[in-house]
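> Below is a structure I'd like to ask you about.
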Amino acid sequence: MEDLEEISLTEMEGFRIGHAQDSRAGTGCSVVIPEGGAAGGVDVRGGAPGTRETDLLKPGNLAEKINAVLLTGGSAFGLAAADGVMKYLEERGSGFAAGEFSVPLVPAAVLFDLNCGEEKVRPDRKMGYQACLKAASDQQLNGNYGVGTGATVGKYAGQENAMKGGVGQFLYRLGDVKIGVLAVVNCLGDVYDPESCRLIAGARTDNNGREGLLAAEDREAFVRLAAARAAGNFTSGNTVLAAVFTNARLSPSGASRLAGICHDAIARTVRPSHTMLDGDTIFVLARGPVEADLSLLASLGVEVTSRAIIRAIKETESAYGYPGYVDLSESEDK
């Protein structure tokens, strides 16, 4: 049996990742660009999604390849950043051939970060274009970057008790098969590390250490949700977004199946997940030529998505008044 190995994006041929953000305003966006396009799939499980161009990813539709995936802050306003991604791709001749025209296909999904920084500043056409200009095959940024700039987690006890979320990237290789994930964590619920089964981020009490996480005192998610509803503490904008990318050959239907199975990673790491107040969405970009068993690829996809989610939390620093995992860990080590 060949060994499972973590790799860097430089070892994943044909994919580039770019981030752009306004740190003062507390928002940003991230883009995944497959060179020459990729078969695409999507699965939306959250009850409050904000998306663009997801219908074209349904199996049976005309488009067989997409040109980029955009993950962006700014709530529904942030979908405007996709215009900048389209402009960048059009200038380079990438897109669906429609007669003499080339129309880039850019599915996108948003998260709500208007409660960070300046709420009137959102990702726009210019920021989407900047993310593409910064797209590189050696991208290694995690935490408070791109779409993760204004992400927060654990909001069921009120925004004032939330922690900082962020963006995370993780890639695996097994033999010739390579699979990676870019994920951003902005969930209503708490985040657990599936390896240790430990609660690592979420709703907090007034305690400054990580032992002050609310769920450490009350581990019943349904009890916490009921208490939050009674107190009127629900925040309407939450989500986990992910873009899964692979060198495996998949049809659009296979890509959508993989996207659906990768939602298991959100269920593993976020409690509660897929609520009516989350917009949990996973995209898949498959750019062959490696032949791979879909069941094997799905198992790898769940594992790598889980690890990207945990990395997004563990490399996040405090910002905008929300404590981050990195700073809490440092304070506990002293």
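> Which value in deg cm²/dmol, rounded to the nearest 500, describes the helix-derived mean residue ellipticity at 222 nm for the chain, given -39,500 (n - 2.57) per DSSP H run of n ≥ 4 and division by the residue count?
It lands at -7500 deg cm²/dmol.
> Relative contact order for the chain: what is it in percent, counting Cα pairs under 8 Å that are at least 6 residues apart?
Averaging sequence separation for qualifying contacts and normalising by length gives 24 percent for the chain.
> Quick check: the angle from helix 294-314's long axis to the longest principal axis of the chain, C-alpha only, nearest 10 degrees?
Helix 294-314 sits at roughly 50 degrees to that axis.
> In addition: If you average over every viewing direction, what projected area does the convex hull of the Cα atoms of the chain give, in nm²?
16.4
> Same structure, new question: So for each of 282-288, 140-146, 196-202, 20-26 I average, over its residues, the number of other beta carbons within 10 Å; can you give me the resulting order with the highest mean first?
My ranking of the peptides, most packed first, is 282-288, 140-146, 20-26, 196-202.
> Could you list the trypsin sites (Lys or Arg not before Pro) in the range 46-101 that lie in coil according to DSSP, counting only those with at most 13 other Cβ atoms within 10 Å of their Cβ?
For trypsin sites (Lys or Arg not before Pro) across the range 46-101 that sit outside H, G, I, E and B with at most 13 neighbouring Cβ atoms in 10 Å, the list reads ARG92.
> Sticking with this one: Hey, can you rank 33-46, 117-130, 241-254 by average C-beta count inside 10 Å, highest first?
Ranking the peptides 33-46, 117-130, 241-254 by packing returns 241-254, 33-46, 117-130.
> Sort THR275, THR152 so the one with the fewest other Cβ atoms within 10 Å of its own Cβ comes first.
THR275, THR152
Every read-out reported here was derived from the displayed coordinates using simple, explicitly stated rules and does not represent laboratory data. All values reported here derive from a predicted model rather than from experimental measurement. Here Cβ is always computed from backbone atoms with ideal geometry, including for glycine, and neighbour counts include all displayed protein chains.
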